[in-house]
Amino acid sequence: MDDFILLADKDSPSWKFAEEIQPYLLNRWKEKIPLYEVQIKKFKNGEIDMCVPENVRKRDVYFIHDSSKNPQEWLVQLLLVEDALRRASANSISLVLPNMAYERKDWKDRPHVPISAKKVANMISSGIERIITMDLHSPQIQGFYDIPVDALEGFKDVVNYLIKDNYKNFENLVVVAADVG
């Protein structure tokens, strides 16, 4: 298991998520998968500066990205971390993206508009081996990528959580969705 590492930004919620993944992996493979930090800072003009201080040469890296960031920052950080890891000779790069930004525009709803989900798929999948994400806006987005996309669904887990004695009063339960998708 020395070939695998988890990578996350220590100054974001993704670090805590990565720390919660480690015990699961330890339980599954009986080995602790190391968690390393990607350092993300900003220059005075707002541009992103990034560094991966640990040696990732010939290792399979799972970058757990913070989905709570604004979409533009989220996207640029993905592009830069992929470049940093490639230049550091990582064996493979997999992205763990709990929420995929720019997935709502998956078709042309009027003339002269981009299909943003496809464009972002082209940009972030260059040099990436796999993407692990959750609850895509629509299933066809997986087809926009030329790499494997594991699109996990949280619906069953939420229902199971509510059913198990975690939620007793279903009469007051309200489920909210942004749209039909």
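What follows draws every value from the coordinates through simple rules; no lab data is involved. Predicted model, so just to flag it, every value in this text is computed and none were measured. For neighbour counting, all protein chains shown are included, and Cβ atoms are generated from backbone atoms with ideal geometry for every residue, glycine included.
The table that follows gives values for the structure above.
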| item | result |
| --- | --- |
| Lys105-Asn55 pseudo-label distance in nm [points 7 Å out on the Cα-to-Cβ vector] | 4.4 |
| Candidate lysines for bridging to Lys119, where Cα separation is under 28 Å - those fewer than 8 sequence places away on the same chain excluded | Lys41, Lys42, Lys69, Lys105, Lys108 |
| Expected 222 nm ellipticity per residue - DSSP helices of 4 or more, -39500 (n - 2.57), all of the chain, to 500 | -8500 deg cm²/dmol |
| DSSP-defined antiparallel bridges as percent of all bridges, the chain, nearest 5 | 20 |
| Under the Karplus curve 6.51 cos²θ - 1.76 cosθ + 1.60, θ = phi - 60°, whole-Hz ³J(HN,Hα) for region 26-43, x wherever Gly or Pro sits | 4, 5, 6, 10, 6, 9, 7, 7, x, 10, 10, 9, 9, 8, 10, 10, 10, 6 |
| Derived scalar couplings ³J(HN,Hα) [region 94-102; Karplus, 6.51 cos²θ - 1.76 cosθ + 1.60; whole Hz; x for Gly, Pro] | 10, 9, 10, 10, x, 9, 8, 6, 6 |
| Given 16 as the ceiling on other Cβ atoms within 10 Å, longest exposed-site-free region of the chain for chymotrypsin sites (Phe, Trp or Tyr not before Pro) in DSSP loops | 44-106 |
| Among Asn122, Asn91, Asn45, residue whose mean-square fluctuation peaks in a GNM of the chain (springs only between Cα atoms under 10 Å) | Asn45 |
| Amide H contacts under 5 Å for Ser92, placed H, 5+ residues apart | Arg59, Asp60, Val61 |
| Using θ = phi - 60° and Karplus 6.51 cos²θ - 1.76 cosθ + 1.60, couplings along region 118-128 (whole Hz; Gly, Pro as x) | 5, 4, 5, 4, 4, 5, 8, 8, 5, x, 9 |
| Two-site FRET efficiency, Asn27 against Val113, from Cβ-Cβ distance with R₀ of 45 Å, rounded to 0.05 | 0.45 |
